[in-house]
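What follows draws every value from the coordinates through simple rules; no lab data is involved. It should be emphasised that the depicted structure is a prediction, and the values quoted were computed from it without experimental measurement. Cβ placement follows ideal geometry from the backbone for every residue including glycine, while neighbour counts extend to all protein chains displayed.
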Amino acid sequence: MSVDDTGYDAVVVGAGFAGLYMLYRLRQAGFRTRVFEAGSGVGGTWYWNRYPGARCDVESMEYSYSFCDELQQEWEWTERYAGQPEILRYVNHVADRFDLRRDITFDTRVVRATFDEDASRWQVETDTGLVVDAAFVIMATGCLSSANLPEFDGRDDFQGETYHTGRWPHEGVDFAGKRVGIIGTGSSAIQAIPIIAAEAGHLTVFQRTPNYSIPARNAPIDPDYVREIKAEYSAFRARNYRMQAGFGSKIPHNDAPASSDDPASRESNYAVRWERGGFGYLSAYNDLLRDRDANETAAEFVRQRIRGIVDDPDIAERLCPDNVIGCKRPCLDTGYFETYNRANVELVDARDAPIERITPNGVVAGGREYVLDCIVFATGFDAMTGAVLGVDFRGRDGMTLADKWHAGPRTYLGLGTVGFPNLFLITGPGSPSVLTNMIVSIEQHAEWISDCLEYLRAEGLDSIEATPEAEDAWVEHVNLVAGLTLYPTCNSWYLGKNIPGKPQVFMPLVGFPPYAEKCATAAANGYEGFDLA
Ligand code: FAD
Ligand code: NAP
């Protein structure tokens with residue numbers, strides 16, 4: 001590795017999908033760029049989350065880069081939803097194909113960044129003792145990369161093995177014959193549970209909130225479908241770009257409200273979508289995320305399916321969620337509810353048996369000790385802000401970002417924040433990010449940022465910073481849009497409710513196309529809402 005401390009045009013933090021594409025764009029535009037990555041390889045999410053069953057929930061033909069037609073034509077996915085090893089192979093292929101590694105420093109965490117107001121440049125410090133100077137810092141640190149390991153009493157006393165799904169050992173884990181406990185029933189747990197259950201001697205699932213899950217119906221990818229998409233890949237991508245969540249243009253979207261159908265027609269609409277599998281379930285009607293009565297029809301259909309799948313009526317009832325469907329990111333599964341019919345699987349429901357503590361032997365919940373050989377923490381992430389605040393940012397007048405965001409993140413367009421000039425966030429809070437196919441949002445942001453840097457260079461400008469008025473208006477807009485939906489109605493990580501003490505603010509912006517248009521308009525108007533100097 002050679003790091004030139006005489007200065008960079010840009011430091012990019014993170015080498016997942018976002019950091020890699022950012023590097024590609026900046027290099028193409030001729031900017032001297034250095035990427036720092038805490039892990040030993042590229043891939044971000046797909047480098048860290050190696051738990052059994054990890055796979056994407058946006059279809060493979062869409063969960064991939066669109067920026068290079070040769071790349072999208074030559075890569076062959078094998079399944080409808082690619083598994084983690086395949087996505088990691090793809091990201092490595094991209095890094096090699098575009099010779100990206102030479103500008104990436106691995107095993108290096110950025111710990112602090114200080115803005116020098118006189119020079120209008122950032123001093124970036126790493127945990128390996130490097131200090132580099134850069135005009136711009138671009139955070140490609142991921143919305144779901146800061147693992148949440150709850151502070152259960154006695155957590156560190158456990159004598160057996162412990163794992164977090166987001167920090168899975170590269171060599172894999174042998175659960176054969178073991179007594180395994182898994183804490184959490186979010187997307188990660190719902191993917192891992194059926195596979196761990198098939199291998200373990202006994203699996204105890206500690207559930208705090210039951211979750212809706214739709215069958216993924218994963219299968220080998222249909223070669224005819226691949227041919228059809230590849231024959232017009234860029235037009236397909238363009239259609240997806242105009243979708244609310246940046247994907248799913250092939251999914252039949254119903255533009256009518258749930259009340260437009262009688263109960264029998266609704267039932268058959270839901271049944272067709274359940275059989276097809278995937279996120280298309282929530283496109284059955286146009287008001288499922290806006291109207292509680294409409295939502296309840298879709299939610300009740302899933303509960304009925306759970307009751308139909310799970311043999312024991314008491315366990316089935318405990319697995320039935322009572323919140324709004326889609327309010328948390330919906331899960332896609334392969335045999336999740338069926339797993340509770342296995343004799344070696346036990347459900348511990350926090351509603352009457354909350355986790356009290358962890359002992360050297362296992363987990364105590366509802367007054368009973370569950371003796372375990374391993375505990376899997378499928379407890380999610382300090383989402384959207386965790387990794388950004390993991391860097392000690394010092395902006396104007398020494399202000400810290402942690403102080404600035406003490407009541408929740410504040411940004412303009414999710415891209416910049418007042419008081420921190422020349423700092424960009426890829427898929428930052430206030431942008432559609434986690435409510436979209438994230439690769440679409442990542443590409444849109446990386447392109448906007450590299451265009452912006454080219455503009456500044458062409459105009460002989462050194463610095464860009466959001467204006468307080470633009471930021472205030474944007475924060476209000478994000479809240480207003482969320483308030484028109486049912487999203488803020490449950491204990492989701494979108495709201496920060498999974499992390500004790502985290503300010504509760506709905507962080508992502510609902511709706512990709514108007515957002516992308518707003519970003520394009522701001523740029524076309526000379527970066528409206530930003531002060532350029
Ligand atoms: P990441 O992939 O999270 O990469 C960020 C990188 O930054 C990490 O490698 C991290 O080590 C590094 N980093 C962080 N802080 C520092 C620091 N201070 N110094 C140095 N390096 C640092 N999204 C979808 O749209 N569809 C899906 O199907 C989907 N499936 C998912 C499945 C799982 C299991 C998870 C956890 C997330 C999933 N997501 C999905 C979201 C996923 O995170 C994004 O799709 C995408 O991979 C994010 O890419 P990224 O580069 O922005 O961030
Ligand atoms: P998550 O959705 O936040 O789920 C974490 C689980 O742990 C929840 O069931 C949560 O319960 C539980 N939990 C957290 N703290 C707890 C505590 N102190 N005590 C008891 N239970 C606790 O995290 P995730 O499953 O890792 O998924 C995060 C996101 O990553 C997803 O929403 C999705 O965006 C992405 N992802 C996608 C896929 C995919 O299918 N492609 C797979 C995995 C992840 P509560 O619900 O009560 O908080």
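Listing for the model above:
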item	result
Matching residues, the range 225-259, being free of Cβ contacts under 8 Å to residues at least 40 places away in the same chain, more than 19 Å from GLY278 (Cα to Cα) and more than 24 Å from the chain's Cα centre (by Cα)	ARG227, GLU228, ALA231, GLU232, ALA235, ALA256, PRO257, SER259
In the range 108-158, residue nearest to ligand 2 (Cβ to nearest atom) [restricted to those that are basic (Lys, Arg) and under 29 Å from the mean Cα position of the chain (by Cα)]	ARG155
Pairs with Cβ under 7 Å, 6+ apart, first in the range 92-111 and charged (D, E, K, R), second loosely packed, with under 15 Cβ neighbours inside 10 Å	ASP107/SER40; ARG109/ASP127
First in the range 141-154 and more than 11 Å from GLY380 (Cβ to Cβ), second anywhere and near ligand 2 (Cβ under 10 Å from one of its atoms) and of a type outside the set (S, T, N, Q), Cβ under 7 Å, 6 or more apart	CYS143/ALA383; CYS143/VAL434; SER145/PHE381; PHE152/ILE355
Residue in the range 29-87 that is farthest from ligand 1 (Cβ to nearest atom), counting only those that are in contact (Cβ under 8 Å) with a residue 40 or more places away in the chain, in a helix (DSSP H, G or I) and more than 20 Å from ASP222 (Cβ to Cβ)	ASP69
Test: GLY395 is under 30 Å from PHE424 (Cβ atoms) and within 16 Å of ligand 1 (Cβ to nearest atom)	no
Candidates LEU486, LEU461 - the one that is more than 15 Å from ligand 2 (Cβ to nearest atom) and out of contact with any strand residue (DSSP E or B) (no Cβ under 6 Å at 6 or more places or on another chain)	LEU486
Flag if VAL310 is in contact (Cβ under 8 Å) with a residue 12 or more places away in the chain and over 27 Å from SER60 (Cα atoms)	yes
Residue match in the range 122-145 (condition: hydroxyl-bearing (Ser, Thr, Tyr) and touching a helix residue (DSSP H, G or I) at 6+ places or on another chain (Cβ under 6 Å))	yes
Elements of type strands (runs of 3 or more DSSP E) contained in the range 127-204, each with 2 or more residues being of a type in the set (A, V, I, L, M)	131-139, 179-183
